[in-house]
Amino acid sequence: MSALIEVDDLVMRYPTPPSMGGRLALNGVSVSVQPGEFAVILGANGSGKSTLLRCIAAMLRPSAGSVRVDGQEMTRLRGRALAKARLALGMIFQHAHLVRRRSVLANVCCGTLGRHRTLATALGGLPRQELSHAQSCLDQVGLRSFAPQRAGTLSGGQAQRVSIARALAQRPRALLADEPVASLDPEAAEEIMRLLRRVSHEEGLGVLCVLHQPELARRYADRILGLRLGKLVFDERPGGVAAGTVGALYEGLAA
Ligand SMILES: Nc1ncnc2c1ncn2[C@@H]1O[C@H](COP(=O)(O)OP(=O)(O)O)[C@@H](O)[C@H]1O
Ligand SMILES: [Mg+2]
């Protein structure tokens, strides 16, 4: 089976601070994610987790190495071809970033705009089948009855579920989630983890998720990747990761 996301020997050096020759945020990282696989990245603040996700989504151009998504080399694409390839990746962040004054359904529909921008602008709306697709994405996150409600009225956990529905509305092949439960209470965090695992296993999406809770990673992930100082220090099934190995990710890093 070919990988959905294939990162090979990725190096990312930010140009700042120039006096020190830039900052090496990723130093030869290789990762692959299969369809239907739920992979979690652990690592201390500053270990390069967000940089890795941003390079995969081609929001950042890496200094060296390759990123293939669904077989396409992202680092070589430009313009429209890049915009199209990016649709394969749904993004989820710590905060849901919903438009608070718009309805829940309108927010989910934003996920389909990448595919329908011209039509949507021309007609002032979305094709009917896209509306029902957005509704079914809301169903998947258990919030169908919230469709007409203003997004600003939702709890943090509900808002994050809507942001997952918005990502699903884009019809992605993979989800990249950067600390999706960092602002949630424990129960809402569990709900989001269950949801991400379900879309991964049942819908066949590859999911790459950054977490700060090793214990959630152990219970939900198919694989755990450990990043330390820009290097991948382990990549194993949860059962194979010793507690000391996880602890070592966070030790001795005080600035
Ligand atoms: N835009 C940037 N310019 C310069 N350095 C950056 C930039 N973004 C991140 N960094 C640096 O790269 C390293 C990795 O950052 P990041 O990927 O955000 O880590 P994490 O998400 O694991 O906390 C850190 O040393 C951080 O200071
Ligand atoms: Mg980060």
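Specify which of the listed residues (Ser155, Ser183) is hydroxyl-bearing (Ser, Thr, Tyr), more than 29 Å from Ala85 (Cα to Cα) and within 16 Å of ligand 2 (Cβ to nearest atom). Outline the logic, then answer.
Details: Ser155 fails: within 16 Å of ligand 2 (Cβ to nearest atom).
Checking each option against the conditions leaves just Ser183.
Would you be able to tell me the number of residues in region 1-11 that are open to solvent by 10 Å² or more (accessible area, probe 1.4 Å) and either at pLDDT 95 or above or within 11 Å of ligand 1 (Cβ to nearest atom) (or both)? Break it down into steps so the answer makes sense when it comes.
At the first step, the residues of region 1-11 found to be open to solvent by 10 Å² or more (accessible area, probe 1.4 Å) are 1-3, 6, 8-9, 11.
Narrowing further to those that are either at pLDDT 95 or above or within 11 Å of ligand 1 (Cβ to nearest atom) (or both): 6, 8-9, 11.
Number of matching residues: 4.
Does Leu53 satisfy the condition of being within 16 Å of ligand 1 (Cβ to nearest atom), modelled with pLDDT of 95 or more and over 17 Å from the mean Cα position of the chain (by Cα)?
no
Looking only at residues in region 13-25 that are touching a strand residue (DSSP E or B) at 6+ places or on another chain (Cβ under 9 Å) and without any contact (Cβ under 8 Å) to a residue 60 or more places away in the chain, which one is farthest from ligand 1 (Cβ to nearest atom)? Even if it seems obvious, please write down each step before you answer.
Within region 13-25, the subset touching a strand residue (DSSP E or B) at 6+ places or on another chain (Cβ under 9 Å) is 13-17, 21-25.
When the remaining residues are screened for being without any contact (Cβ under 8 Å) to a residue 60 or more places away in the chain, the result is 13-17, 21-23.
Numbers: Arg13: 9, Tyr14: 3, Pro15: 7, Thr16: 4, Pro17: 8, Gly21: 12, Gly22: 8, Arg23: 5 Å.
Out of the qualifying residues, it is Gly21.
Taking the options Met74, Met20, name whichever one is out of contact with any Phe, Trp or Tyr (no Cβ under 6 Å at 6 or more places or on another chain) and at pLDDT below 95. Outline the logic, then answer.
Working: Met74 fails: at pLDDT below 95.
Answer to the selection: Met20.
Given the criteria surrounded by fewer than 22 Cβ atoms within 10 Å (Cβ to Cβ), farther than 30 Å from Ser132 by Cβ, more than 16 Å from ligand 2 (Cβ to nearest atom) and hydrophobic (A, V, I, L, M, F, W, C), does Met74 qualify? Break it down stepwise before answering.
On the way: surrounded by fewer than 22 Cβ atoms within 10 Å (Cβ to Cβ): no; farther than 30 Å from Ser132 by Cβ: yes; more than 16 Å from ligand 2 (Cβ to nearest atom): yes; hydrophobic (A, V, I, L, M, F, W, C): yes.
Spelling it out, it is not the case that Met74 is surrounded by fewer than 22 Cβ atoms within 10 Å (Cβ to Cβ), farther than 30 Å from Ser132 by Cβ, more than 16 Å from ligand 2 (Cβ to nearest atom) and hydrophobic (A, V, I, L, M, F, W, C).
Taking region 26-41 on its own, how many of its residues are within 10 Å of ligand 1 (Cβ to nearest atom) and either surrounded by fewer than 24 Cβ atoms within 10 Å (Cβ to Cβ) or more than 14 Å from the chain's Cα centre (by Cα) (or both)? Even if it seems obvious, please write down each step before you answer.
First, pick out the residues of region 26-41 that are within 10 Å of ligand 1 (Cβ to nearest atom): 26, 41.
Imposing the further condition that a residue be either surrounded by fewer than 24 Cβ atoms within 10 Å (Cβ to Cβ) or more than 14 Å from the chain's Cα centre (by Cα) (or both) reduces the set to 26.
So the answer is 1.
In region 206-255, what count of residues is obtained for those that are β-branched (Val, Ile, Thr), under 20 Å from Leu24 (Cβ atoms) and either touching a residue at least 40 places away in the same chain (Cβ under 8 Å) or open to solvent by less than 10 Å² (accessible area, probe 1.4 Å) (or both)? Please lay out each step first, then the result.
We begin by selecting, within region 206-255, every residue β-branched (Val, Ile, Thr); these are 207, 210, 224, 233, 241, 245-246.
Narrowing further to those that are under 20 Å from Leu24 (Cβ atoms): 210, 233.
Pick out the ones that are also either touching a residue at least 40 places away in the same chain (Cβ under 8 Å) or open to solvent by less than 10 Å² (accessible area, probe 1.4 Å) (or both) and you get 210.
Within region 206-255, residues that are β-branched (Val, Ile, Thr), under 20 Å from Leu24 (Cβ atoms) and either touching a residue at least 40 places away in the same chain (Cβ under 8 Å) or open to solvent by less than 10 Å² (accessible area, probe 1.4 Å) (or both) number 1.
With the structure loaded, tell me whether Ser63 is modelled with pLDDT of 95 or more and either open to solvent by 50 Å² or more (accessible area, probe 1.4 Å) or not assigned by TED's automatic domain parsing to the domain that holds Gly247 (or both) or whether it fails that test.
Working: modelled with pLDDT of 95 or more: yes; either open to solvent by 50 Å² or more (accessible area, probe 1.4 Å) or not assigned by TED's automatic domain parsing to the domain that holds Gly247 (or both): yes.
Yes.
Working only within region 125-150, note down all residues that are in contact with a strand residue (DSSP E or B) (Cβ under 7 Å, 6 or more places away or on another chain) and open to solvent by less than 20 Å² (accessible area, probe 1.4 Å). Give the derivation first.
Step one: filter region 125-150 for residues in contact with a strand residue (DSSP E or B) (Cβ under 7 Å, 6 or more places away or on another chain), giving 147-150.
Across region 125-150, the qualifying residue is only Ala147.
The values are calculated or read from the model by the stated rules, or taken from the named source; none is laboratory data. None of the values given here were measured: they were computed from a predicted structure. Cβ: placed from backbone, ideal geometry, glycine included. Neighbour counts: every protein chain shown. Accessible surface is based on the protein model in full, side chains and every heavy atom, while ligands, DNA and RNA are left aside. Shrake-Rupley method; radii C 1.70, N 1.55, O 1.52, S 1.80 Å.
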